[in-house]
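S.K.: Structure in structure tokens, see below.
The values are calculated or read from the model by the stated rules, or taken from the named source; none is laboratory data. Bear in mind the structure is a predicted one, so any value in this text is a computation, not a measurement. Cβ placement follows ideal geometry from the backbone for every residue including glycine, while neighbour counts extend to all protein chains displayed. Only protein heavy atoms, including side chains, enter the accessible area calculation; ligands, DNA and RNA are left aside. Shrake-Rupley method; radii C 1.70, N 1.55, O 1.52, S 1.80 Å.
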Amino acid sequence: MVWSLERAETCVVSNSCLVHPATEAYAQEAIEAIKSEKVIAVPTDTLYGFACDACSLEAVNRIYEIKGRKLTSPLAICVGDVLDIKRVATTNHLPHGLLDSLLPGPVTLVLQRGESSILEKSLNPGIGTIGVRVPDCEFIREVSRGSGSVLALTSANLSGDRSSVCVKDFENLWQHCAYVYDGGLLPSGRAGSTIVDLTKVGKYKIIRPGSAKQATVAILEKYLLEEEEEDR
């Protein structure tokens, strides 16, 4: 894992927003922004995303406003390490070793929140599941660890627009962020993460193929999970 793609250590001021390299030198700044209930833009291992404290209703609502997203559309979350997933979702039904085989990586796991989840009920109200990411990107993982919370994470674009693989792709939205962290051009294309539902014991369901479907399915089947049949 690397902090960012190789790039110059430069800062840009544009539209009242600071654009910084997604490097270790700026991780603490990003952490403080999250703790202050701000929205930041960050690279992941797939696309650029907007991130905030998932336990701050004000910050979460701000992300919806920036994207023009319907409040009924759920947000995924990001945690720093695989071990953190059990703080937000139910994992004890999964085969031992499966999570460590899938993550960190370009996969979003849909899991049941569980009664002991630290997530606020105001995040994705009325929805008993949560999409969880541990991206293979050290910058966002360090920010999540340092925040002491969980990050709400969604693609850095207006709802319905194409996804962003470089910061210029969403330059029109920079002004709404406390900071934009530049990790260069992301190489995995615009397909985003592979979304897989793991809420049922022994079953999996691909919700979105994304950029890593083939590798993800290979891992799931290695652990003897079977694809859930479509409802007829």
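S.K.: Considering the chain as a Gaussian network with a 10 Å cut-off on Cα pairs, which listed residue, 19, 60, 201, attains the greatest mean-square fluctuation?
M.R.: 201
S.K.: Can you pull the percent of the chain's accessible area that's carbon plus sulfur, 1.4 Å probe, other chains left in place?
M.R.: Solvent-exposed carbon and sulfur of the chain make up 49 percent of the total.
S.K.: Mind listing which GluC sites (Glu not before Pro) in region 113-171 are in a DSSP loop and have 11 or fewer other Cβ atoms within 10 Å?
M.R.: 115
S.K.: Could I ask something else about it? Please give the calculated 222 nm ellipticity per residue for the chain, where each DSSP H segment of at least 4 residues contributes -39500 (n - 2.57) and the sum is spread over every residue; nearest 500 deg cm²/dmol?
M.R.: Per the formula, -5500 deg cm²/dmol.
S.K.: At residue 112 and residue 229, where each label point lies 7 Å from the Cα along Cα→Cβ, what is the point-to-point distance in nanometres?
M.R.: 2.2
S.K.: Out of region 170-229, which trypsin sites (Lys or Arg not before Pro) are coil in DSSP terms and have no more than 16 other C-beta atoms within 10 Å?
M.R.: 190, 200
S.K.: Antiparallel as a % of all DSSP beta bridges within the chain, to the nearest 5?
M.R.: That works out to approximately 60 percent antiparallel.
S.K.: I would also like to ask the following. Build a GNM of the chain with springs between Cα atoms under 10 Å: which of 148, 105, 183 gets the top mean-square fluctuation?
M.R.: 148
S.K.: Same structure, new question: If you count only protein heavy atoms with a 1.4 Å probe, what accessible area per residue comes out for the chain, rounded to a whole Å²?
M.R.: Here the per-residue accessible area is 48 Å².
S.K.: Evaluate the relative contact order of the chain (contact order divided by residue number), counting alpha-carbon pairs under 8 angstrom at least 6 apart; express in whole percent.
M.R.: Contact order relative to length: 29 percent.
S.K.: By the gyration tensor of its Cα atoms, with a ≥ b ≥ c the square roots of the eigenvalues, what is the shape of region 97-160: rounded for a/c under 1.5, prolate for a/b over b/c, or oblate?
M.R.: Note, shape of region 97-160 comes out rounded.
S.K.: To check you understand DSSP bridge types, tell me what percent of the beta bridges within region 91-222 (both residues inside) are antiparallel, rounded to 5.
M.R.: Counting only bridges with both partners in region 91-222, antiparallel ones make up about 65 percent.
S.K.: Would you check the chain for Lys pairs whose C-alpha atoms are within less than 20 Å, ignoring same-chain pairs closer than 8 in sequence, and give me the count?
M.R.: Pairs that pass both the separation and distance tests number 16.
S.K.: With contacts defined as alpha carbon pairs under 8 Å and 6 or more residues apart, what's the relative contact order of region 39-90 in percent?
M.R.: Contact order relative to length: 20 percent.
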